[in-house]
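The values are calculated or read from the model by the stated rules, or taken from the named source; none is laboratory data. For clarity, every value in this text was computed on a predicted model and none was experimentally measured. Every residue, glycine among them, receives a Cβ derived from its backbone with ideal geometry; neighbour counts consider all protein chains shown.
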Amino acid sequence: MSDAPTNSPPHVLDPLQSQALQGLVSEGSWSLDEEDLGAYGADWTRQHPPRASMVLFPRSTQEVSNVVRYCGEHGIPLVPSGGRTGLSGGAVATSGEVVLSLEKMNHLGEVNTLSNTVRVQAGAVTEQVHQHCEPFGLTWPVDFASKGSSQVGGNIATNAGGVRVIRYGNTRNWVLGLTVVSGAGDILHINGELEKNNSGVDLRQLFIGSEGILGIVTEATLKLAPLPAPQDVMLFGFRDLAGVLSLFREARRSGFLLSAFEFFSDTCMTRVTEHRGLHNPLEPGAGYFALLEIEGASRDDLETWLGKVMDTVPMVDGTLAQTASQGQDLWQLREGISESLSATGTPYKNDISVPVSELEAFSTRMEALLGRDYPDWEMCPFGHIGDGNLHVNVMKPESMSSEVFLEHTHGIEKALFALVKEHRGSVSAEHGIGLLKRRWLGYCRSPEEIALMRGLKRVFDPAGILNPGKVLAPLEPAEAMMAP
C-alpha cells in the first residue's frame with residue numbers, strides 16, 4: 001500500500017479504534033485534547049496545519065509495538081514524534097493520523113566508561129544526554145542550537161548534523177545499536193554495543209536518516225567521545241563571501257584541530273542582535289561573518305597564525321575570545337539566528353549542501369542568481385561552511401501576503417535546486433525531506449535510488465502506515481510539475 005498524498009481525505013478514527021488504542025498504552029498515556037492535537041501534530045514548520053486525531057504517549061518498546069501492529073491491521077496512519085524541532089514537515093500530522101510521541105520514553109542508562117557508551121530511550125533530550133555524560137569526562141558529540149528540546153530518536157531519524165560535523169561527523173557516526181519497531185510491529189534489536197560486526201547488511205544504518213518511514217526507533221546505544229580540550233572561539237567580518245571562503249582555506253591548511261567553521265550574513269547579524277539584545281563586537285562594514293572554533297591549540301601558535309591570516313586574507317575586522325564567557329557570547333550570535341529570523345519576520349528556509357570542493361563556485365553562482373532574480377528581497381544565509389551545508393533564508397516582504405510569498409518562493413527553489421543538482425549537492429543537508437522537500441527529491445537522488453527506497457518501504461512497512469505523505473509519497477499535480 002502506498003503512502004497517501006496530503007490532499008487525500010483525512011483518516012477518521014472511529015470510537016472503537018480510539019478506545020482500543022487507549023488500551024494499548026499505560027493508563028492516561030493518551031490525549032484527545034484539541035490543544036495537544038495541535039501541539040503534537042506539528043513541528044517547527046508552519047506550512048501544513050496539523051490535523052491529528054489522537055496522541056499516544058507509550059512508555060515502553062512493547063507498547064510501541066502493540067500500537068504499530070494494531071494500526072497496521074486496521075489501516076490507521078501513524079506519525080512518530082520527538083522534540084518536533086524539524087524544518088521539513090517530517091513530524092506533521094496533516095490527515096487525521098495518530099501521533100506517537102516518544103517523550104515519556106526518556107530514560108538515561110548508566111554511562112559505561114570502559115566502552116564509552118550509554119544506552120538511552122528515544123525520548124531523551126539531546127542536552128540532557130550531554131549533561132548526563134559530562135561528569136564522566138565524556139559527551140555524545142551531536143550538537144546544535146535546538147539541543148535543549150530535540151530528542152535522540154528524532155536526531156537518529158533525521159541523521160542530525162549541527163555545528164561540529166566538521167570535527168565529529170553526523171549522528172550516524174555516534175550510534176552503535178538500535179531498538180526499532182518496524183512498520184509490521186516487529187521489535188528489532190540491532191547491533192547491541194558492538195564496535196565491529198561484519199555479519200551482513202547493517203540494518204542500523206537503514207533506519208538512521210529514514211525519517212520514521214521504515215520503523216520507529218525506541219532505544220539506542222550511543223557512542224561517546226572524550227570532552228573536547230579547551231576551545232578558542234573567534235569571529236571575523238568580511239565584505240563578501242569570497243573572504244569567508246578564503247579564510248576557510250587558510251584554516252584547513254593551518255594544522256589546527258578545527259571543531260567548527262560557521263558563517264552568516266550581515267542581515268542575520270542585524271536580526272539576531274536586535275531580537276536578543278546582543279552586541280556585534282566587530283567594526284561596521286562587514287557583509288559576512290565567520291565564526292571559528294579551534295580545539296587544543298597553544299595561544300602562541302594561534303596568535304602567530306591569526307597575525308598571518310589578518311595580513312593575507314582581506315577582512316573588515318576580527319576578534320579572539322579571551323574567556324569562555326566571551327566565547328559563549330560569540331556563539332550566541334550564530335546559534336540564535338534561526339529563532340531570531342522566525343521571531344522577527346516570516347522566513348522561507350532552505351537547507352542545502354554541496355561538496356566542500358564545490359563551495360566557492362557554487363556560492364558565487366548562488367549569489368549572482370539570487371541577486372539577479374530577487375534583488376529587493378532580504379536574504380539571510382548562514383550555515384556550516386566546514387561541511388558544505390548552507391541555510392538559505394528568504395524573508396517575506398512586509399507588504400506581501402503569505403500566499404503570494406510562498407508562491408514566489410517556489411520559483412526560488414526550482415532555480416536554486418537546479419544549481420544544487422549541477423554541483424552534485426543535496427536539497428536537504430540535515431533536516432530531511434519530510435513534506436516540504438519531497439517534490440525536489442529527484443534533484444539529488446536518481447530514479448533508481450528512489451525505486452530502491454520505495455522497495456525498502458514496502459519491506460519494512462507493508463501496510464504503509466508509518467509517517468504517510470513523507471519523503472516518498474506520490475506527488476500531487478502541482479508538485480509533479482516542479483519535479484525534474
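Observations on the model:
- Single residue of Arg46, Arg59, Arg84, Arg69 found to be farther than 30 Å from Lys223 by Cβ, of a type in the set (D, E, K, R), outside the structural domain of Glu403 (by TED's automatic domain parsing) and part of a loop (DSSP other than H, G, I, E, B): Arg46
- Of residues in segment 337-368 being hydroxyl-bearing (Ser, Thr, Tyr) and part of a strand (DSSP E or B), the one surrounded by the most Cβ atoms within 10 Å (Cβ to Cβ): Ser353
- Residues that are touching a helix residue (DSSP H, G or I) at 6+ places or on another chain (Cβ under 7 Å), over 17 Å from Gly327 (Cα atoms), assigned to a helix (DSSP H, G or I) and among the β-branched types (Val, Ile, Thr) occur at least once in segment 291-313.
- Those residues of segment 116-159 which are hydrophobic (A, V, I, L, M, F, W, C) and out of contact with any Phe, Trp or Tyr (no Cβ under 9 Å at 6 or more places or on another chain), in sequence order: Ala122, Ala124, Val125, Phe136, Leu138, Phe144, Ala145
- Scanning segment 102-112 finds no residues that are farther than 25 Å from Val180 by Cβ, assigned by TED's automatic domain parsing to the domain that holds Val217 and either crowded, with 23+ Cβ neighbours inside 10 Å or at pLDDT 95 or above (or both).
- Restricted to segment 339-384, and to residues there that are among the β-branched types (Val, Ile, Thr) and under 17 Å from the mean Cα position of the chain (by Cα), the residue that is farthest from Gly411 (Cα to Cα) is Val354.
- Residue under evaluation Phe405, criteria (1) among the hydrophobic types (A, V, I, L, M, F, W, C); (2) part of a helix (DSSP H, G or I); (3) touching a strand residue (DSSP E or B) at 6+ places or on another chain (Cβ under 9 Å); (4) modelled with pLDDT of 90 or more, criterion not met: (4)
- Matching residues, segment 28-66, being among the polar types (S, T, N, Q) and farther than 19 Å from Val12 by Cα: Ser29, Thr45, Gln47, Ser60, Thr61, Gln62, Ser65, Asn66
- Taken over segment 39-55, residues that are crowded, with 19+ Cβ neighbours inside 10 Å and not β-branched (Val, Ile, Thr) amount to 10.
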